[in-house]
Structure formats: C-alpha cells, structure tokens
Amino acid sequence: MKYFRILASFALAMVLFLFPLSAEAASSSSITRSAGDEIKGKDFSGQSLVGSEFTNIDLENANFSNADLRGGVFNGIALEGVNLHGVDFSNGIAYLARFKNADLSDAVLTDAMMLRSTFDNVEITGADFTNAVLDGTQVKKLCAKASGINSKTGVDTRESLGCK
C-alpha cells in the first residue's frame with residue numbers, strides 16, 4: 001500500500017510535469033485573496049470557497065471550519081492558529097504553507113498536494129490524508145500524533161498517512 005502511494009504520487013507528479021494544464025487568465029472573482037488584503041482572524045466558516053486562492057498572505061487565526069475548499073490553493077501562506085476543523089480541502093494545493101498551531105481535525109485532505117508545507121503543533125485527529133502528497137519528514141511528524149477516524153469518509157487518520 002505504501003509503495004503504491006509513492007508510485008501513484010510519482011506518476012501524478014510526472015504527468016503534471018510532462019503535460020501541464022493550459023494557463024488561463026483568471027478573473028478577479030476566481031481569486032479570493034492575495035497579498036495586501038487584511039484578513040487575519042476572518043471568519044470563513046461554513047462557506048463555499050471551491051477553487052479559492054490565497055497567496056502570500058497571513059491568515060493567522062482565520063476560521064475556515066466546515067468550509068468547502070475543494071480545489072483551493074494556499075500558496076506561501078502563514079496559517080498560524082487557523083481553524084480548519086471539518087474543512088473539505090480535497091484536490092487542494094498547499095505549497096509553502098506554514099500550518100502552526102492549526103486545527104485540521106476531521107478535515108478531508110484527500111488528493112491534496114501539500115509539498116514544502118510544514119505542520120508544527122497541529123491537531124489532526126480524524127483528518128483524512130488519503131492520497132495527499134506531503135514531504136516525508138512532515139508525514140513522520142504527523143504520524144507521531146495521528147489518531148481518530150474521519151466522520152465524513154470513515155478513514156483512519158494513521159492509515160491515510162501510511163503510518164507504520
């Protein structure tokens with residue numbers, strides 16, 4: 001199972017590298033927030049934020065609990081103290097995101113690309129990381145505290161991370 005995940009992750013990375021998606025101009029409505037916007041502590045709980053993009057901004061203490069962030073992007077983001085409890089971040093991208101003291105409990109992170117992101121003192125009870133791509137050192141760090149079953153997918157957190 002572990003080797004299958006590694007192989008699948010490698011195959012996905014190669015496909016994306018060899019056949020990149022075509023670039024399309026983004027309208028202002030498709031970009032939720034970017035550098036310069038002040039949104040520390042903002043309440044996004046329960047909102048539909050499908051495909052939203054957050055780039056180079058500090059989202060410290062923002063509340064995304066139970067939000068629909070499928071296909072969303074966190075790029076170069078400080079996510080200190082952020083509440084992501086119950087969020088659906090499946091197929092999302094978190095690149096160079098700094099999760100610190102964040103609540104990811106019961107979150108659905110399936111098929112998310114989370115490379116070069118760090119997870120320090122995060123709560124992940126019941127989070128589902130099935131097929132998510134994370135740096136190996138971060139997976140080890142998360143496995144040390146992984147527990148619980150996701151209430152939406154029924155997947156065990158340790159199994160979804162491939163913990164031994």
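Values in this text are rule-based calculations from the coordinates and carry no lab data. Here the structure is a predicted model, which means the values were calculated and not measured. Here Cβ is always computed from backbone atoms with ideal geometry, including for glycine, and neighbour counts include all displayed protein chains.
3J(HN,Hα) along the range 61-74, derived from phi through the Karplus expression 6.51 cos²θ - 1.76 cosθ + 1.60 where θ = phi - 60°, amounts to 6, 5, 10, 10, 3, 6, 7, 9, 10, 4, x, x, 10, 10 Hz, with x in place of Gly and Pro.
Take the Cα of residue 140, step 7 Å toward its Cβ, do the same at residue 75, and the gap between the two points is 3.0 nm. Could you pull out every one of the lysines with an alpha carbon less than 26 Å from that of residue 141, ignoring same-chain neighbours closer than 8 positions? By straight Cα distance, residue 141 reaches 2, 100, 152, 164.
Computed from label points 7 Å out along Cα-Cβ, the spacing between residue 48 and residue 152 is 1.4 nm.
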